[in-house]
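What follows is calculated from the coordinates using simple rules that are stated; it is not laboratory data. Everything numeric here is computed off the predicted structure, so don't read it as measured data. Heads up, the Cβs are rebuilt from the backbone with ideal geometry, glycines too, and the neighbour counts pull from every protein chain shown.
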Amino acid sequence: MLVYLLFTTAALIIALLIITPTWRLRRRRKQAAKPFPESWHQLLEQRWRLYSRLPDRVRDHLQQQLLVMMAETEFYGCNDLVVTEEMRVLVLAQASLLYGNVIYDHEIDFPNVLLYPDAFVRAGTVQDELGLVAEERHILLGESWEQGKVILSWADIEQNLAQVDSHHNLVIHEYAHQVDGFDGVMNGTPPVAGRAEFTTWPRVMQSAYDDLCQRIDDGDESFDAYATTNPAEFFAVISEYFFIQPHRLNEYYPDVYRLLAVFYRREPLAWHRDA
């Protein structure tokens, strides 16, 4: 009897492992095939400047991605913020840029989003070299956790949407950390190991990171110094430049731009050509 129960349990687990990915893939394809709401289209046209610059093919693909992400992403309002459909659309439309082909990828899960009305405070403790523990409070605009959570400030998202010349984009930055963590750790190297098109990734990224650190040390202020914090922040910041100011990234580090174009399956230089 025990052997039978063990065999039945194992068979059910195997069946679930086989059926679940297939079911999720079919669900996503069905969701992506739905008509894109005209109200969402009008909202993006009015509030997100980049949206109107996207080529038709890219925009159509983004709309499909957004339909899937809207169906599968949980939002939680913090500090009494009421999360509206418009907020969800504007956040996830930007985030969808980073997901190259999730419609056909059953392995990707989307993080939950904790949305604050403004910058938020995170309290914690820090221990110095003598073992003394002190309380610290940090004012943050966003965070990205390996446990599948993204924390965002709505006020800063609105500011990013209205900006024309700044490379800063909170949504792209924090979701880039999530993409970085697809392999289980946010260390600046997303899951590219073993893929022929990314054999140069470690050398190219390390070279660019070292060069930027030297530039910042020498007083160069033309590139965001936050990228030199560590390799994980470097990846998040260059992802912002890639989508928002691709010309600047291509000017500084063309090999980095080319790798990101392959990785994200996007070519934003073409979107900004006439901007």
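Summary table below
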{"read-out": "Estimated FRET transfer efficiency (Asn230, Glu38; beta-carbon r; R0 35 Å; 0.05)", "value": "0.20"}
{"read-out": "Computed lengthening from Glu86 to Asp255, 0.36 nm per intervening residue step minus Cα-Cα distance", "value": "57.2 nm"}
{"read-out": "Extension gain, Arg27 back to Gln206 (0.36 nm per residue minus Cα-Cα distance, nm)", "value": "60.5 nm"}
{"read-out": "Spacing of the two label points (7 Å from each Cα toward its C-beta) at Glu197 and Ala155, in nm", "value": "4.1"}
